[in-house]
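Colleague: There's a structure below that I have some questions on.
No value in this document is a laboratory result; all are computed from the given coordinates. In this text, all values refer to a predicted model and were calculated from it rather than measured experimentally. Glycine gets a Cβ as well: all are built from the backbone with ideal geometry, and neighbour counts include every protein chain shown.
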Amino acid sequence: MGTATDTPPAAEPAFSPVVTSLLGTDLYKFTMLQPMLHSMPANQAEYRFVCRNPPGYPLSEIREEVEREMAHLCTLRFSEDELQYLGGLRYMKSDFVDFLRIFQLQHRYVTVGAEGEHLVIVAKGPQIHVMFFEIFVLAIVNEIYFRRLSTPEVLAEGRRRLREKIALLRTVGARRQHPFEFFDFGVRRRFSAAWQEEVVATFAKEVPGYFKGTSNVYLAKKYGLVPIGTMAHEYLQTFQAMGVQLKGFQKAALETWVQEYRGDLGVALTDVVGMDAFLADFDLYFAKLFDGLRHDSGDPVVWGEKALAHYERLKINAHTKRLVFSDGLDLPSAIGLYEHFADRIQTGFGIGTNLTNDMGLRPLNIVMKLVSCNGQPVAKLSDSPGKTICDDETFLAYLRQVFRIAA
């Protein structure tokens, strides 16, 4: 029997999961998964988490919280309402929606650990399952990390900066031949799910003429916005391990995309082995079939000028095409690129961290990238220093040799 001096144990804090819906990820996870399901369902792959910049405190401290979130994530299923929404997107095929009806992330395919102060997360198994962990892992790590740093003052600063962005947008006006349009690409590095929703809802209400959608499918559904996204590096990298000649992997990836979507989702990513190597493969056939190109590394002006010169060589009217910029943008840099290009070609701007994690705190620079497929290494040769990704130096050297890229 207890005594009057006994104190009850402290109550466990209520568990508030970061991810509450499998729809709360980037659209391109769905649009890449569909052709992979149809064309390469037996692929085995490995994805690894990396933090590229020093965090404010060791990420190993949040390992147990991340593991708890992973366990919860692996209980989620798509609701019929969510499946109906996905099925209403004209590029989503009925058999793919049927696959999602039985889809559930498997805890056995993901491990969460620590090495010293570092957080180690690996997803390994069937690619059509493990590729779906990426965005959720990044959102979970970010939100848990920033919960320790969140204060009323931080939120107030975030809202002040949001008001500044809206004021800036209202000065843009119709100064160029093509309109200024931007999108939210901020799921993976957001301050929190609640903050991303506040940002998206605010832009949708205050500047609908400029804010044209979000990569977050859950928020697109909730607010009646256009879900934005096509392909990411992992899609093209996968074809480096698909039995085609390495020199032909980009053409194989683009051709598979064309056959899957038949004119929909026509923005191609250019920087898996650099812009020059991409344009060498992006011939008249692909240039006519794809609506435009997405920039994600290197000098954006140099990249855009190369794209315009390529369209000109092919005698394609650039006004019928679009350049989408998405590499570390903020609104001032996006407006600057718009001023430079928008009299010659349509533009679009996918902005991530600087929309959903501009709070006066230093954001984490975290990624979770495909490192091998079917037992073979894959690589990204970036036009930006520090963004090249590969665990196998021999394969990296071979890839550079095949595409004649200097180290």
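Colleague: Mind telling me which of G186, G328, G224 comes out most flexible in a GNM of the chain, alpha-carbon contacts under 10 Å?
Modeller: The residue with the greatest mean-square fluctuation here is G224.
Colleague: Hey, another quick one. Among T238, T388, T230, T151, what is the fewest-to-most ranking by other Cβ atoms within 10 Å?
Modeller: Working: T238 26, T388 17, T230 23, T151 10.
So the ranking, lowest neighbour count to highest, is T151, T388, T230, T238.
Colleague: How would you order 348-360, 32-44, 286-298, 161-173 from highest to lowest mean count of nearby Cβ atoms within 10 Å? All intermediate terms of the calculation are to be shown ahead of the outcome.
Modeller: Numbers: 348-360: 22.5, 32-44: 17.2, 286-298: 20.3, 161-173: 14.2.
Result, highest mean Cβ count within 10 Å first: 348-360, 286-298, 32-44, 161-173.
Colleague: A follow-up question, please. Students often get this wrong, so try it: which of (1) 146; (2) 166; (3) 134 is volume of the Cα convex hull per residue in Å³ as calculated from the structure shown?
Modeller: After the calculation, the listed value that fits is (2).
Colleague: Could you put S94, S384 in order, starting from the residue whose Cβ has the fewest other Cβ atoms within 10 Å? If you can, show how the numbers build up before the last one.
Modeller: Working: S94 8, S384 13.
Least crowded to most crowded, the residues run S94, S384.
Colleague: Let me confirm the definition first: pairs of Lys residues in segment 233-377, 8 or more apart or on different chains, C-alpha distance under 23 Å. How many are there?
Modeller: Count of close lysine pairs: 13.
Colleague: While we're looking at this one, here's another question. Grab the Cα-Cα distance for A174 and V402, subtract it from 0.36 nm times how many residues apart they are, and report the gain in nm with one decimal. Could the numbers behind the result be given before it?
Modeller: Working: separation 228, 0.36 × 228 = 82.08 nm, distance 4.50 nm.
Extra length available between A174 and V402 comes to 77.6 nm.
Colleague: Further, regarding this structure: Run through all the Cα pairs of segment 157-356 and give the fraction in each 10 Å bin from 0, expressed as whole percent.
Modeller: 8, 34, 35, 18, 4, 0
Colleague: With the contact rule set at Cα under 8 Å and sequence spacing of 6 or more, what percent relative contact order holds for segment 157-356?
Modeller: Numbers: 282 pairs, mean separation 54.6, N = 200.
Rounded, it is 27 percent for segment 157-356.
Colleague: Right, next: When ranked by the protection proxy of mean other Cβ atoms within 10 Å per residue, highest first, what sequence do the peptides 391-402, 114-125 form?
Modeller: Numbers: 391-402: 14.9, 114-125: 16.8.
Ranked by mean Cβ neighbours within 10 Å, highest first: 114-125, 391-402.
Colleague: Right, another one. Going by how many other Cβ atoms sit within 10 Å of their own, how do Y91, Y311 line up, fewest first?
Modeller: Placing the least packed residue first, the sequence is Y91, Y311.
Colleague: I've got another one for you. Calculate the FRET efficiency for E339 and R362 from the Cβ-Cβ distance with a Förster distance of 35 Å, rounded to the nearest 0.05.
Modeller: 0.75
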